[in-house]
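Report on one structure; see the data block that follows.
Every number here is computed from the coordinates shown, using simple stated rules; none is lab data. Since we're looking at a predicted model, the values are computed, not measured. FYI the Cβ positions are ideal-geometry reconstructions off the backbone, even for glycines, and counts take in every protein chain you see.
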Amino acid sequence: MLSLLVFIAGIALLLFGMRFMRDGLESAARRRMQEALKTLTRNPLVGFITGTVITALVQSSTAVTVITIGFVNAGILTFYQAVGIILGTNVGTCITTQIISFRIEDIALPAIGLGALLIVVPRQKSLRCLGQSITGFGIIFLGINTISDALEPLKNSPLFVDLLAQVSSNAFFGVVAGTFFTALIHSSATTTGIVITLSRQGLVDLPTSIAIILGSNIGTCITGVLAAIGTPPAAKQVAAAHVLLNVIGAIAVIPFILPFANLVETTAAALPRQIANAHTIFNVLSSLAVLPFARYFARLVQKIVPD
């Protein structure tokens with residue numbers, strides 16, 4: 001019971017850290033982000049680069065997707081311009097996963113302390129936003145530490161091991177689990193952070209982790225779908241494009257998870273790094289595969305969600 005409470009507390013810290021860091025980065029860059037989204041989207045390639053860079057800066061594909069839906073809803077962007085941005089958000093969000101995969105938990109408390117000082121002491125808004133981001137960064141790793149401590153006793157729990165074995169035996173179950181959990185907590189980065197923590201405890205292998213990550217990419221679309229409710233068809237098409245991109249990518253990879261895992265194993269020695277690399281490779285390849293056919297992809301989405 002105590003381990004469960006500690007685990008829930010760790011997830012809460014991780015979610016709060018992600019949100020706190022994202023809000024700080026977004027507050028610092030909101031105006032520039034909005035201007036960039038409005039002006040640097042002449043074609044899908046430029047939109048792709050813009051979406052990648054902005055998502056990497058604000059550490060939230062969901063925030064960029066929701067803002068894009070808002071711009072399309074307001075008539076500032078066309079749906080065709082938004083397609084490139086959506087493809088870019090999937091790549092930019094990989095930065096968070098790469099950071100989490102490194103063992104830098106020891107800097108959690110110093111980062112929280114430094115960030116708190118920057119929030120309290122300076123009068124400049126930019127420094128306060130920076131402090132908020134650093135504090136959120138530290139809280140993320142504090143949450144990961146807490147989750148790791150909570151999972152330690154579960155190594156010897158037959159029930160938990162059997163549950164993971166059920167997920168490991170079927171990639172589809174892993175994708176469904178990742179989808180529902182991410183839809184519930186509205187954060188694919190948190191799901192990936194938990195998977196990386198499980199891998200450090202030896203509780204999940206690489207193929208299972210990849211399946212859950214594929215599901216987390218689908219689950220993170222739920223916020224965009226909710227934001228598109230009640231909007232004109234063009235805005236709904238943006239949310240549909242995000243969903244379709246990740247669903248098609250997952251369907252394409254599921255039959256080849258084992259060969260894909262074997263490929264990813266060559267990229268790093270440590271399992272957490274392999275998981276982060278798998279997430280990055282999948283997102284980059286799926287976006288680049290669609291980018292040259294962005295116009296046809298847009299037409300497909302428009303057939304699914306007609307004007």
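General observations
- Theoretical gain in end-to-end length, LEU45 to GLU152 [0.36 nm per residue, Cα-Cα removed]: 34.0 nm
- Rounded to the nearest Hz, the phi-derived 3J(HN,Hα) couplings of region 110-126 under the Karplus curve 6.51 cos²θ - 1.76 cosθ + 1.60 (θ = phi - 60°) are x, 5, 4, x, 5, x, 4, 4, 5, 6, 7, 7, x, 9, 5, 5, 4, where x marks glycine and proline.
- Residue-averaged 222 nm ellipticity for the chain, from DSSP H runs of 4+ at -39500 (n - 2.57), nearest 500: -26500 deg cm²/dmol
- Under a model in which nothing but the beta-carbon of Lys, Arg (+1) and Asp, Glu (-1) is charged, region 171-307 shows a dipole of about 260 debye around its Cα centre.
- Per-residue HN-Hα couplings for region 242-254 [Karplus 6.51, -1.76, 1.60; θ = phi - 60°; Hz; x = Gly/Pro]: 4, 5, 4, 4, 6, 5, 4, x, 5, 4, 5, 8, 3
- With the convex hull drawn over the C-alpha atoms of the chain, the volume per residue is 129 Å³.
- Among 172-181, 189-198, 116-125, 285-294, the peptide with the highest mean count of other Cβ atoms within 10 Å heads the list, and the full ranking is 189-198, 172-181, 285-294, 116-125.
- Normalised contact order of the chain, rounded percent, pairs of Cα under 8 Å and 6 or more residues apart: 23
- The smallest convex shape that holds all Cα atoms of region 190-231, its convex hull, gives 47 Å³ per residue.
- In sequence order, calculated HN-Hα J values of region 218-229 (Karplus, 6.51, -1.76, 1.60; Hz; x Gly/Pro): 6, x, 5, 6, 4, 5, x, 4, 5, 5, 8, 5
- For region 243-307: rounded, prolate or oblate by the Cα gyration tensor [a/c cutoff 1.5]: prolate
- Residue order for SER187, SER27, SER61, fewest other beta carbons within 10 angstrom first, comes to SER27, SER187, SER61.
- Label-to-label distance, nm, for residues given as ASP307 and THR267 (7 Å Cα→Cβ offset): 3.9
- Placing dummy labels 7 Å off each Cα toward the beta-carbon, the span from ILE254 to ARG295 is 3.3 nm.
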